[in-house]
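Below: one structure, written as structure tokens.
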Amino acid sequence: MIPSITEVIKHYPEFTGVHEACLAVPMVSEEDFGAIVADIQQNGLREPLLRSTDRKLLDGRTRLLACYECQQDIRVKDDLIVSYPNQWICHFSCIKVHCVRDLISKIGLVQPY
């Protein structure tokens, strides 16, 4: 079962909450979440979590949940100033999260995660 972001975020003082744009991105499936947890257990967190200027989680909800699940240390990046977080999340996260699997299978690479 995928843990609740509202409960998990309380364990990370680096964040004041979760940005609404981050919450708007559909959650991955249980199967994909399990694969992400396994990948982070094996390889660590490869891409840091992104937080907004008001210290809200902007990108990396699933990675944060996976790190919590497998007790992996997190890394946070906040030197990127995002003027329009809603548009940024829509453009970046939706494309990244929901197109990667299809793209990888089309070009014949190994399965993601």
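A short reminder: the numbers here are calculations on the coordinates, not readings from a lab. Keep in mind that this is a model prediction, so the values were computed, not measured. Because the Cβ atoms are built from the backbone with ideal geometry, glycine has one as well, and the counts that use them run over all protein chains shown.
Of the helices (runs of 4 or more DSSP H) entirely within the stretch 1-57, those holding at least 1 residues that are among the acidic types (Asp, Glu) and surrounded by 11 or more Cβ atoms within 10 Å (Cβ to Cβ) occupy 20-24, 30-43.
The residue that is surrounded by the fewest Cβ atoms within 10 Å (Cβ to Cβ), counting only those in the stretch 58-69 that are of a type in the set (D, E, K, R) and free of Cβ contacts under 8 Å to residues at least 40 places away in the same chain, is Arg63.
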